């Protein structure tokens with residue numbers, strides 16, 4: 001028997017933001033709490049997009065599905081996917097949620113979106129490190145051989161608005177300045193890694209949940225099969241101890257400076273979003 005969305009016992013919140021910015025780390029921490037279901041990117045966002053395509057103008061089925069039916073179908077999809085999940089609070093992860101804030105709020109009024117962020121220069125540097133760590137693999141992170149040629153073409157490809165970093169960045173910027181920004185919380189990776197005991201209570205307060213006593217020395221999460229299929233082993237591996245490890249950048253200084261300028265959330269003027277960040281962390285390679 002299909003689950004009844006009206007009887008869905010779960011509370012839904014969402015994790016989004018930039019790649020290589022701590023979303024898997026945050027999920028690994030939150031899943032210690034028996035109330036939370038959290039993990040790496042789920043297929044729910046892609047399923048929503050596929051269903052919306054069938055409902056929308058240009059589809060022969062669009063005139064046959066009312067707005068209320070569309071809402072009910074999407075709610076049913078969430079209920080079906082998470083049916084049997086014992087944890088009452090679902091934290092669904094997908095980069096797309098920041099570009100669908102209106103949909104999220106209509107489906108689940110009062111839900112929150114946590115967006116993990118990081119100086120974009122370090123985001124690019126992290127991707128480049130993963131690429132160089134596997135010299136015998138043409139990872140699927142880049143769409144074609146020309147974009148794999150040099151660090152300049154690789155990072156320029158990632159920054160395109162329809163690619164891994166560019167899409168997530170544009171979606172985050174849309175949400176940050178949008179009409180639903182008050183339901184958005186940005187969490188800076190550096191601060192989460194340096195001071196998790198200070199960050200997590202703020203996350204719980206934003207979610208309206210009671211704080212939980214996390215063990216920051218035993219946080220483990222891995223998605224080995226997924227990463228191998230992507231051609232990027234270790235991409236989602238979380239080390240047991242939450243700590244910040246200073247390092248030098250491997251990308252050229254001009255590229256690091258170029259992409260660092262994209263960290264727009266340091267200026268909160270014009271946005272109703274909440275931000276957990278530090279202004280004094282090291283931003284240079």
Next on the checklist: 7 Å from Cα along Cα→Cβ at both residue 136 and residue 46: what's the point-to-point distance in nm?
Outcome noted: 2.8 nm
Checklist entry - Using 1/(1 + (r/R0)^6) with R0 = 35 angstrom and r between the beta carbons of residue 162 and residue 202, what's the FRET efficiency to the nearest 0.05? => result 0.60
Item to check | If the convex hull is drawn through the Cα atoms of the chain, its volume per residue in Å³ | outcome: 149 Å³
Checklist entry - Please state the equivalent ellipsoid semi-axes for region 1-66: what are the square roots of 5 times the Cα gyration tensor eigenvalues, largest first, in whole Å? => result 30, 19, 8
Checklist outcome for this item: So for R0 = 30 Å, FRET eff. of residue 57-residue 150 from the Cβ-Cβ r, to 0.05, ends up at 0.10
Next on the checklist: Report the Cα-based extents of region 41-106 along its three principal axes, largest first, to the nearest Å.
Outcome noted: 38, 23, 19
Next on the checklist: If you split all Cα-Cα distances of region 63-140 into 10 Å bins from zero, what percentages do you get per bin, shortest first?
Outcome noted: 13, 31, 24, 22, 9, 0
Checklist entry - Assuming R0 = 45 Å, what is the FRET efficiency of residue 69 and residue 35, from their Cβ-Cβ distance, to the nearest 0.05? => result 0.90
Checklist outcome for this item: Check: C-alpha center region 27-88 vs C-alpha center region 173-210, spacing in Å is 23 Å
Next on the checklist: Using Cβ counts within 10 Å as a stand-in for footprinting exposure, how do 192, 51 rank, fewest first?
Outcome noted: 51, 192
Checklist outcome for this item: Dividing the alpha-carbon radius of gyration of region 67-210 by 2.2 N^0.38 Å, where N counts its residues, gives 1.25
Checklist entry - So what is the 222 nm mean residue ellipticity for the chain from helices alone, if each DSSP H run of at least 4 adds -39500 (n - 2.57) and you divide by all residues, rounding to the nearest 500 deg cm²/dmol? => result -11500 deg cm²/dmol
Checklist entry - What is region 9-276's relative contact order, in percent, from Cα pairs under 8 angstrom and six or more apart in sequence? => result 27 percent
Item to check | DSSP-defined antiparallel bridges as percent of all bridges, the chain, nearest 5 | outcome: 5 percent
Checklist outcome for this item: Computed curve, region 1-137, Cα-only Debye sum without solvent term, log₁₀ I(q)/I(0) at 0.13, 0.17 Å⁻¹, is -0.66, -0.97
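Coordinate-derived values only; no laboratory data. As the structure is a computational prediction, the values presented were derived from the model and not from experiment. Using ideal geometry, Cβ is built from the backbone for each residue, glycine included, and neighbour counts are taken over all protein chains shown.
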